[in-house]
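Below is one structure, written out as C-alpha cells, with a few remarks after it.
The values are calculated or read from the model by the stated rules, or taken from the named source; none is laboratory data. These numbers come from a predicted model, not from an experiment. Heads up, the Cβs are rebuilt from the backbone with ideal geometry, glycines too, and the neighbour counts pull from every protein chain shown. SASA here: full protein model, heavy atoms, side chains in, ligands and nucleic acids out. Shrake-Rupley method; radii C 1.70, N 1.55, O 1.52, S 1.80 Å.
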Amino acid sequence: MSVTTVPLRPVSKGGLWLMWIGLIALLVAGVAFAFQGTPRIGFETVKAGTGASPTAADVVLVKYEGKLDDGTVFDANEQAPMQVSQVVPGFSQALTRMQKGGKYKISIPPSLGYGDRAVGPIPANSTLHFDIELLDFRSEAEVRAMQQMMQQGGPGGAPGAPVPAPAPPQ
C-alpha cells in the first residue's frame, strides 16, 4: 500500500500574520453585530437603593410615571403593586436590576415594550420612558400569606368575614 503525498508550499510569516489579523477582525465584527443587534433598555440610577434586587418571582411596590418620546404622560401611580414576571420584558429587566429605596430612569425600546401593538394611549412602536422608585418587594409566597391572614381575620377585624345578623327587635 502506498501513500500519495501532496507537496505544500511553505507559508511565509507575513501570510500567517495576515491570516490572524483577518480572523481577529472577523471576531470583532461578529461581536459588534451581536451587541448592536440585541435590544437593550436604557437604565440610569438617580438614587442608589440598598439590599437585594427583586427576582422575576417577586411582587414589587413601585412609584412610577411613564412617558412617551414627546413627553406625554401615559400612566402614573404613587403605589402600584405588580408581579415582576407579568409586565413588559423591558420593565421586568429593569425591576430585577433595582434595589429597595432606589430611584431610576429607564427607557424601553419598542421590541422590549409593546412592539407593533397600540395599547391604550400608547401608540405602536413607541419607546417608553419611566421614572421609577422601588418602594418595597416581597416574594409571591409572602404576599399570599399576608392576603390569607387578612382574609382570616388578622389585626383590626376580619375583612371579608360574614357580618352577623342584627338581633330581632323586642
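I'd like the carbon and sulfur percentage of the solvent accessible area for the chain, probe radius 1.4 Å, heavy atoms only, ligands and nucleic acids excluded.
Details: 7430 of 12180 Å².
Summing carbon and sulfur atoms, their accessible area is 61 percent of the total for the chain.
Quick check: residue separation of THR45 and LEU16 times 0.36 nm, minus the Cα distance between them. What number comes out in nm? Display every interim value, and only then the final one.
Values: separation 29, 0.36 × 29 = 10.44 nm, distance 4.73 nm.
That pair, THR45 and LEU16, stretches by 5.7 nm at full extension.
Quote the FRET efficiency, to the nearest 0.05, computed for ASP131 versus VAL28 with a Förster distance R0 of 45 Å and r equal to the Cβ-Cβ distance. Walk me through the intermediate numbers first.
On the way: r = 37 Å, r/R0 = 0.82.
E between ASP131 and VAL28, to the nearest 0.05, is 0.75.
Student exercise: in the range 1-137, how many lysine pairs 8 or more apart or on different chains have Cα atoms under 21 Å apart?
10
Taking 0.36 nm per residue of separation and subtracting the Cα-Cα distance, what length does fully extending ASP69 through GLU140 add?
Details: separation 71, 0.36 × 71 = 25.56 nm, distance 3.35 nm.
Additional length available on full extension: 22.2 nm.
Compute from the Cα atoms of the range 1-139 the Rg and the Dmax, the latter being the longest Cα-Cα distance, and quote both in angstrom.
So, for the range 1-139, Rg and Dmax equal 24.7, 86 Å respectively.
Run the simple label-point estimate for ALA124 and GLN79 please: 7 Å along Cα→C-beta, distance reported in nm.
3.9
Leaving out ligands and nucleic acids, note down the accessible area per residue over the chain with a 1.4 angstrom probe, in whole Å². Before the final figure, lay out each step's value.
Working: 12180 Å² over 170 residues.
In whole numbers, the chain has 72 Å² accessible per residue.
Give me the net charge of ALA76's neighbourhood, meaning all other residues with Cβ under 11 Å from the Cβ of ALA76; Lys, Arg count +1, Asp, Glu -1.
Numbers: positive: LYS63, LYS67; negative: GLU65, ASP75, GLU78, ASP131.
Net of charged neighbours comes to -2.
What's log10 of I(q)/I(0) for the range 67-129 at q = 0.20, 0.23 Å⁻¹, Debye sum over Cα points only, no solvent?
-0.86, -1.12
Compute the relative contact order of the chain as a whole-number percentage, counting only Cα pairs closer than 8 Å that sit 6 or more residues apart in sequence. Show your work: numbers first, answer last.
Numbers: 270 pairs, mean separation 38.6, N = 170.
Worked out over the chain, it gives 23 percent.
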